[in-house]
Every structure is written in C-alpha cells, then in structure tokens.
Amino acid sequence: MAAGAKKLPFWADAILLPALNLLAAFLVSGIVIWALGEDPFLALSLLIDGAFGFEEAISYTFYYATNFIFTGLAVSIAFHAGHFNIGGEGQAMLGGLGLTLAVFLFSGLSPFLAVIMAIIGAALFGAAWAYVPAYLQAKRGSHIVITTIMFNFIASSLLAYLLVGPLQRPGGQMPESADFPEGASLMPLHEIFGMFGKTFEDGPMNVSLIIALLCAVGVWFLLWRTRFGYELRVVGQNPNAAAFAGVSVSKMTIIAMMISGALAGMMGLNELLGQQHRLLGGFTLGYGFVGIAVAFMGRNHPVGIILAALLFGALYQGGAELAFEMPTITRDLIIMIQGLVILFAGALEHLFRDPVTKIFTKIQTTKEGAA
Amino acid sequence: MEFFADLVLLTDSTFRIATPLVLTALAGLVCERGGVVDIGLEGKMLASAFAAAASAAVTGSPWAGMAAGIGASILLALLHGYVSISQRGNQIVSGMAINIAVAGLAPTLANFWFQKGGQTPLLGDEARFSTITFPFAESLADVPVIGALYSEILSGHNIITYMTIVIVPLVAWMLYKTRFGLRLRAVGENPEAVDTAGISVTLLRYQAMVIAGVLCGLAGTVLSTGLGAGFIRDMSAGKGYLALAAMIFGKWKPVPTLLACLLFGFVDALQGRLQGVALPLIGEIPVQFTIMLPYVLTVIILAGFVGKIQAPRASGIPYEKDH
C-alpha cells in the first residue's frame with residue numbers, strides 16, 4: 001500500500017482514473033474491431049451517434065441505463081457489506097416473476113393497485129431469491145459467489161418451466177406469459193413530457209427511470225446517512241471489528257443481500273412493466289452481470305453508478321445501432337467490450353492508479369520545494 | 001438385468017461427463033493451492049473449446065486443436081495471473097471479466113471465420129478425438145457382467161478421458177511428493193515464509209497459472225472435439241463453476257475432488273437418463289427440473305455436507321512484498 005496511501009485529488013479518483021480505464025478497454029476493443037477488418041474510429045462515431053444522435057436513441061440509452069442503475073446498485077450494496085452478489089441475473093428473473101404474479105392477481109381490482117403490488121412483488125421475490133444464498137453464507141459458510149451463480153441457473157430453469165407450463169400465454173408457442181391487462185404498466189416518459197407540452201419522440205424510456213433514481217438516492221441515504229448503513233460498511237471493511245462492536249455480521253450479510261436482491265429484482269419494472277408488458281423467458285439478458293461492471297466503474301457510489309449506467313446504456317444502444325450498420329460487429333462483440341471494461345475498471349485498478357499517484361506526488365513535492 | 005444395464009450405461013456417461021469437470025477442478029485446485037482464486041475457469045474452458053474446434057476444423061487434426069486449445073487457455077491464465085499476481089487486482093472481478101469477455105469474443109470470432117452464426121463447422125471423425133475401442137471389446141461384449149464392464153465402461157472413451165485418469169495421480173504426486181508441490185502449497189498458506197526462504201512467490205504463482213491453463217485447455221478441447229463435434233455458443237454451460245464447487249467439496253485435495261466430480265458427473269448423467277422417463281409415484285419430471293439437478297445438488301452439498309472448511313489461507317490475497 002506504499003503508493004496507495006497517498007491520497008489522490010477527488011477529481012482524479014472519480015473522473016481521471018475511470019476515464020483512463022475506459023480508454024484502455026476501448027483501445028483493446030478497437031484493436032479487435034480493426035482485426036475484424038472494420039474501421040474502429042468509424043465504429044466509435046457510429047456508436048456515439050447511435051446512442052445520442054436522435055431523440056429515440058436517447059430514449060433507448062436511458063431505458064437500458066435504467067436496468068443498469070438497478071443492477072449496479074444491487075451489486076454495490078452487497079459489496080459494501082463485503083460480499084459479491086453475482087446472482088443479480090437470477091434475482092432479476094425472480095423479480096420479474098413476482099411482478100407478473102402481482103399484476104395478474106391484482107389487476108382485476110384496480111390497475112393502479114396492480115402496479116403498486118407489482119413493484120412490491122418484484123422487490124420481494126428478488127429479495128427472497130437472495131435470501132437463501134445469504135443465509136447459507138452467513139450460517140453455513142457456503143461460498144456466496146458459487147451459490148448465487150447456481151441460483152442463476154436454477155432461476156433460469158424455473159422460469160423456463162413456468163413459461164412453457166402454467167404461465168404460458170394460452171394457446172401460445174413462445175416461452176412468454178399472456179399480455180399484462182390494460183393499464184397495468186408504467187407510463188413512458190415521452191407521454192409525461194407531452195403532458196407538460198414538450199414533445200419528445202416515442203421511446204421505451206419510462207417511469208422506472210425515476211424509480212431507479214429514487215432508489216439511488218435511497219441507497220446513498222441508507223449507506224452514508226444512517227447508523228444502519230454505517231454498520232453495514234463496517235461489516236464490509238472489517239467484520240472482526242464490527243463483531244467486536246456488537247454488530248451481528250451474519251444478520252448484516254443477510255439484510256444487505258436481501259436489499260441487493262430487491263434492487264436487482266426491480267429491474268423487471270423497466271423491462272416488463274415499462275416496455276414488454278408480459279413476462280419473457282431470458283428477459284434479463286445478462287444485465288445482472290453488467291451490474292458488476294457498473295458498480296466497479298462507478299466506484300460503488302450511487303452517483304458514479306448512475307454515470308456508469310448511462311455509459312453502459314449508451315454502449316448497448318449504440319452497439320445495437322452499430323451492429324445494424326456493420327455486419328461483422330454483432331451483439332457478442334458488445335459483450336466482449338463489457339468484459340474488457342470490467343477487467344480494466346474493476347480488476348486492473350492499479351494499472352493506472354499507481355503511476356498517476358506517482359505523478360501527483362511528484363507535482364506535489366515540486367510545488368512544496370518551490371514554495 | 002435391466003437395472004444392471006442402466007447402471008452400466010450411467011457409469012459410462014458419468015466418466016464421459018466428468019472428464020472436463022475433473023480437469024477443470026484440478027486446474028482450480030492448483031491455482032488456489034498456490035494462492036490465486038480463479039473463477040475464470042469457465043472462460044478458459046470456453047476459449048479453449050473454441051480454439052480447439054476452430055483449429056481442428058481448419059487443419060483437420062484434433063492434435064492441432066488440442067495445441068490451440070491449450071495455448072488459448074494458457075494465454076488467459078497468464079492474463080489472470082498478471083491481474084492477480086503482478087497487478088494485485090481483485091481476483092473474482094478478473095475471473096468474471098474473463099468469462100464475460102470470452103463469452104462475447106468466441107462467437108464473434110466463430111462468426112467472422114466460419115459464418116455459421118457463432119458456431120464452428122461440424123467436425124468430421126478424423127478431426128475429433130473419437131472413442132477408442134479396446135481389443136476384443138466387441139467379442140467380449142456378450143460375456144455376462146465382465147463383458148459389459150470391459151466393453152462399455154473401460155473401453156470406448158476418447159483419449160483425453162484416459163489421459164485424465166493418469167493426470168489425477170500425477171497432480172497428486174506433484175502436489176505432495178515434489179519440491180515444487182511443497183513450495184506451491186506453502187505459497188498458498190504462507191507466502192511470507194516462502195519469500196523469506198528466498199523463493200519467488202511471483203514465479204511460483206505464475207507456474208501454477210500455467211499448469212491450470214494446460215488443464216483447462218484439455219477440458220475445453222474435450223468439450224468441443226471429444227464429447228461434442230464443434231464449438232457451440234456457451235457450451236461450457238457453467239461447468240467451470242461446478243468444478244469450483246467440486247474442488248471446495250473435495251477440500252482442495254486431488255482425490256476427494258475427483259470423487260466430487262464423479263458425483264456431479266453421475267447426477268448429470270442421471271438427469272440425462274431421467275428426461276422423458278415416468279418414475280413410479282412421481283410420474284414424469286419436467287425436463288427443466290432435471291436440468292436443475294446438478295445446480296441444486298451443488299447448493300445442497302456446499303450448504304450441508306462440506307462442514308467447516310478451510311481454504312488455503314492466502315488464496316485470493318495478493319502478495320505484497322513491501323510491507
């Protein structure tokens with residue numbers, strides 16, 4: 001920790017280092033794109049234009065970003081408690097299931113009630129799916145990384161079974177449920193803009209974005225402004241000290257993981273209640289895994305997570321447009337770029353941190369020497 | 001006699017299915033014994049499955065495939081080593097990143113080279129490690145009991161399965177009977193002591209990564225050129241994670257790990273046999289539930305049967321010389 005002990009200025013830690021990490025990931029991706037026989041600079045400009053070039057694109061970018069805010073927050077709260085929740089994918093699937101059941105159960109009474117219950121259902125089922133691995137980690141010492149991964153596989157099979165069995169659209173062939181009843185949905189934001197007399201092109205961005213942002217504020221408040229959040233972070237940083245101070249480590253593990261699961265579960269609000277209006281097999285599409293990248297890129301802070309989610313949203317939307325323009329670049333390549341961003345932003349942190357710290361220390365000492 | 005025939009067939013597929021699991025679990029074991037946690041086994045297996053299938057498809061030789069598979073896996077192992085050992089990065093994040101990057105890169109390259117929607121072309125028999133039939137297996141097949149054991153269970157596997165049977169004792173011997181193994185185990189428990197003795201922690205850990213790379217490379221190769229006939233998207237299907245679970249169940253020891261892998265292999269073989277079969281009392285189990293079986297078993301085993309386990313003490317912790 002010799003070099004790391006010196007503090008970097010806030011802006012260098014929060015902006016410069018993530019930017020360098022991202023640049024490195026893009027550099028490697030650019031080399032792959034070049035090797036595939038395409039122009040990486042053209043690809044980058046197509047990507048940016050596809051993500052922000054027109055109003056519908058912006059709507060899609062924010063729509064994907066909403067998913068990533070939920071899953072990124074989910075990973076980060078578990079991380080603050082010292083755990084790796086790789087089960088965001090499965091928790092999101094179960095969240096989607098809880099949401100769907102609530103919609104069908106309550107929409108007969110009132111669509112508004114159905115939406116409220118759907119939000120609760122999503123959070124509850126997601127939390128329940130995280131509870132089991134958390135309990136097993138806390139009480140039986142089972143490795144939470146492996147159990148959450150297993151729970152992803154189990155969730156995926158469970159959903160596959162329900163969607164070709166009891167929950168399948170009557171008479172349907174696809175692994176999907178019947179359409180949600182009219183009114184049981186979250187309003188697209190362009191309609192809300194319209195109410196205020198502002199026109200915005202139609203797009204999938206919906207009220208879930210606002211819910212996600214509220215969740216981010218909630219996570220920030222919980223972690224840094226409450227006694228509970230303080231204890232949670234102490235458990236993550238030094239479980240022995242926490243236990244000595246009378247905080248139950250196993251209880252904290254379970255609660256943190258359940259909040260994490262609830263956040264991941266709420267991803268379905270955006271995908272299902274906001275856009276698809278039915279439960280689809282495999283609707284999570286790896287968003288739960290991307291949450292890991294988002295959390296690390298965003299330094300596990302809600303503001304950083306929102307920015308990183310926006311970046312990944314742009315990568316998704318821009319990538320889809322790019323795949324349309326350049327046939328050799330497929331969705332798979334976008335997945336590879338995500339992997340590289342995770343590698344550089346999450347695991348290769350020291351690659352730039354140490355040299356940058358050295359440079360800053362040098363500047364500091366020259367300044368002091370001059371003074 | 002039907003039960004016996006079933007059992008023979010189950011045992012036969014258990015060996016087949018367990019082969020990549022055993023190799024991968026041993027790879028994880030060597031890494032963690034040396035102090036590096038490798039959750040990227042999955043990605044290494046997938047990368048080598050792709051490299052092996054692609055190379056075998058182009059050259060027509062499974063051995064060229066094996067070389068490419070092992071090569072790809074070693075490169076990724078060194079990357080993980082660089083992140084974990086030299087850069088002191090987070091090892092779980094690094095492993096996940098490698099898994100995700102490979103899951104994207106392999107089908108991209110497959111699509112670029114072969115234009116078959118992210119797969120490699122179907123491999124002909126000459127480009128695969130096909131099954132080896134032992135002498136007299138055909139003529140002995142009708143001899144009761146012994147014939148079935150010899151011709152079904154012992155004979156008729158691909159060469160990598162037979163290699164695996166040799167590799168398990170080899171790894172155990174290396175770990176417990178050689179100087180390198182002693183140092184490797186020490187570096188996973190107490191790297192300071194190894195360092196004080198004037199032995200390079202870094203070098204030892206990189207050596208462990210290379211060994212893991214070779215083992216994972218074999219596992220990937222057997223997936224696409226032995227058990228299968230080409231690379232398919234996501235063909236590792238969580239086997240890398242199952243292997244890690246088997247390693248924990250086997251308490252980081254080669255022979256118990258082998259047994260754990262055989263158990264996983266057996267459950268997987270069983271779920272294959274259960275598909276579409278009506279069981280007494282329960283009736284037919286939906287296929288989605290039989291597919292869940294190995295994963296559920298993993299959770300139960302990790303929760304209930306492992307007991308208090310002690311991972312190698314320094315595994316997952318980067319070694320820093322200067323403190």
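The values are calculated or read from the model by the stated rules, or taken from the named source; none is laboratory data. In this text the structure is predicted, and so the values were computed from the model without any measurement. With ideal geometry, Cβ positions are generated from the backbone for all residues, glycine too; neighbour counts draw on all protein chains shown. Side chains included, ligands, DNA and RNA excluded: accessible areas come from the protein's heavy atoms. Shrake-Rupley method; radii C 1.70, N 1.55, O 1.52, S 1.80 Å.
Observations, loosely collected:
- Residues of the stretch B:270-303 satisfying the condition of being under 19 Å from A:MET150 (Cα atoms) and more than 7 Å from every other protein chain (Cβ to nearest Cβ): B:LEU270, B:GLN271, B:GLY272, B:VAL287, B:THR290, B:LEU293, B:PRO294, B:LEU297, B:ILE300, B:ILE301
- In the stretch A:343-350, the count of residues that are under 17 Å from the mean Cα position of the chain (by Cα), more than 7 Å from chain B (Cβ to nearest Cβ) and either of a type outside the set (A, V, I, L, M) or open to solvent by less than 40 Å² (accessible area, probe 1.4 Å) (or both) is one or more.
- Residue list for the stretch B:125-139, filter: open to solvent by less than 80 Å² (accessible area, probe 1.4 Å) and either in contact with a Pro (Cβ under 8 Å, 6 or more places away or on another chain) or among the aromatic types (Phe, Trp, Tyr) (or both): B:ALA127, B:ARG128, B:PHE129, B:PHE134
- Qualifying positions in the stretch A:121-147 - within 10 Å of chain B (Cβ to nearest Cβ) and either open to solvent by 40 Å² or more (accessible area, probe 1.4 Å) or over 16 Å from B:PHE249 (Cα atoms) (or both): A:VAL132, A:PRO133, A:TYR135, A:GLN137, A:LYS139, A:ARG140, A:HIS143
- Among the conditions (1) touching a helix residue (DSSP H, G or I) at 6+ places or on another chain (Cβ under 9 Å); (2) assigned to a helix (DSSP H, G or I); (3) aliphatic (A, V, I, L, M), the only one that B:VAL166 does not satisfy is (1).
- Exclusive hit being farther than 30 Å from B:MET247 by Cβ, of a type outside the set (A, V, I, L, M, F, W, C), within 14 Å of chain B (Cβ to nearest Cβ) and assigned to a loop (DSSP other than H, G, I, E, B), set A:PRO166, A:PRO181, A:PRO170: A:PRO166
- Of all residue pairs spaced 6 or more apart or on separate chains, those with beta-carbon atoms under 7 Å, a first member in the stretch A:142-160 that is in contact (Cβ under 8 Å) with a residue 12 or more places away in the chain and a second member that is among the acidic types (Asp, Glu) and surrounded by 22 or more Cβ atoms within 10 Å (Cβ to Cβ) are A:ASN152/A:GLU89.
- Selection of the stretch B:230-259 for residues being part of a helix (DSSP H, G or I) and free of Cβ contacts under 8 Å to residues at least 24 places away in the same chain yields B:PRO256, B:LEU259.
- Conditions (1) surrounded by fewer than 21 Cβ atoms within 10 Å (Cβ to Cβ); (2) hydrophobic (A, V, I, L, M, F, W, C); (3) over 30 Å from A:MET258 (Cβ atoms); number of the one not met by A:ALA51: (1)
- Residue within the stretch A:95-108 that is in contact with a Cys (Cβ under 7 Å, 6 or more places away or on another chain) and on the phi < 0 side of the Ramachandran plot present: no
- None of A:ILE329, A:ILE363, A:ILE337 is farther than 19 Å from A:PRO18 by Cα, touching a Gly at 6+ places or on another chain (Cβ under 9 Å) and either open to solvent by less than 50 Å² (accessible area, probe 1.4 Å) or assigned to a helix (DSSP H, G or I) (or both) except A:ILE329.
- Selection count where residues are of a type in the set (A, V, I, L, M, F, W, C) and open to solvent by less than 50 Å² (accessible area, probe 1.4 Å), scope the stretch B:176-192: 3
- Test: residue in the stretch A:98-119 that is more than 14 Å from chain B (Cβ to nearest Cβ), buried (at least 24 other Cβ atoms within 10 Å of the Cβ), closer than 24 Å to A:SER248 by Cα and not β-branched (Val, Ile, Thr): no
- Test: residue in the stretch B:106-113 that is without any contact (Cβ under 8 Å) to a residue 24 or more places away in the chain, more than 17 Å from the chain's Cα centre (by Cα) and farther than 18 Å from A:ILE335 by Cβ: no
- Unmet criterion (only one of (1) open to solvent by 30 Å² or more (accessible area, probe 1.4 Å); (2) modelled with pLDDT under 95; (3) of a type outside the set (D, E, K, R)) for A:LEU213: (2)
- All of A:VAL207, A:VAL219 fail the test of being under 19 Å from the mean Cα position of the chain (by Cα) and either aromatic (Phe, Trp, Tyr) or over 30 Å from A:GLY108 (Cα atoms) (or both), apart from A:VAL219.
- Whenever a residue of the stretch A:245-265 is over 9 Å from A:ALA138 (Cβ atoms), its partners that are surrounded by fewer than 18 Cβ atoms within 10 Å (Cβ to Cβ), lying with C-beta atoms within less than 6 angstrom and at least six residues away or across chains, give the pairs A:MET258/A:TYR131.
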